[in-house]
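Bear in mind these aren't lab numbers, they're just calculated from the coordinates by the rules spelled out. This structure is a prediction, so every number in the text was calculated from the model and none was measured. Glycine also receives a Cβ, built like all others from the backbone with ideal geometry; neighbour counts cover every protein chain displayed.
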Amino acid sequence: MTPESMSLYISIFSIAIATLALGWNIYRDVILKPRVKMRVSVSRIVSSGILDQVTKIDVSATNFGPGKVRCNMVDLRNAPLWRRILRRAKYAVVIEDYENPMSGHLPAKLDVGETIDLLFPYNQECFLSRNFTHVGVRDSFGRSHWTSRKDFSKAQAIYDKDFKDRKSNKG
């Protein structure tokens, strides 16, 4: 191997390493964004005794990283399969309960591993009574992180059990 061909191989190897480093930096800074895991449930909150139970809708968001994320707003989505195929999903926004001292408040910055729990009123007019399929949190990158359909369906089943019986008894 001649010194000229050796310097050519070293230059090509250096270009390959520089290209890989540039690609990784672009992926890390532009494409790789924090993931937020969402959960929704109907929760009973016990304060001082078993008689002081309050039922709330608990929407929790956990940052799985990498990096910090800022959660800005709670969204609702009506997106059954046919609406997703036709790209006709319907969206709504839920205003949080600012008067509840136990609830987290938006906007909130979450470090990796941190969780925010948002508590919403659980009554006959809550968002579980409407025709929605998902609840989620919108982040500072403009992406919405949605709960699983299974979680939302479980919460709606509890709502149906609690309130649909009351509606049918009145009517």
Over 22 Å between Cα atoms, which of 90/150; 68/154; 37/154; 68/150 qualify? 68/154; 68/150
Crossing angle, helix 149-159 versus the chain [Cα axis fit, 0-90 degrees, rounded to tens]: 10 degrees
Relative contact order [Cα under 8 Å, 6+ residues apart], the chain, whole percent: 24 percent
Sorting 38, 73 on the 10 Å Cβ count, fewest up front, what's the list? 73, 38
Would you give the gap between the C-alpha center of region 16-92 and the C-alpha center of region 109-151, rounded to a whole Å? 7 Å
Along Cα→Cβ, 7 Å out, is where each label goes; now give me the distance between the ones at residue 72 and residue 148 in nm to one decimal. 2.9 nm
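Using mean Cβ contacts within 10 Å as the protection proxy, how do 146-155, 86-95 order, highest first? Before the final figure, lay out the partial values.
On the way: 146-155: 16.7, 86-95: 11.2.
Peptide ranking by packing, descending: 146-155, 86-95.
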How far apart, in nm, are two points set 7 Å out from the Cα along the Cα-to-Cβ line at residue 28 and at residue 14? 2.2 nm
Within the set of other residues whose C-beta is less than 13 Å from the C-beta of residue 92, count the net charge using Lys and Arg as +1 and Asp and Glu as -1. +3
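Tally Lys and Arg at +1 and Asp and Glu at -1 over the other residues with C-beta under 15 Å from the C-beta of residue 72: what net charge comes out?
Here the charged neighbours net out to +3.
What is the gain in length, in nm to one decimal, between residue 130 and residue 108 on full extension, counting 0.36 nm per residue of separation less the C-alpha to C-alpha distance?
Working: separation 22, 0.36 × 22 = 7.92 nm, distance 2.64 nm.
Extra length available between residue 130 and residue 108 comes to 5.3 nm.
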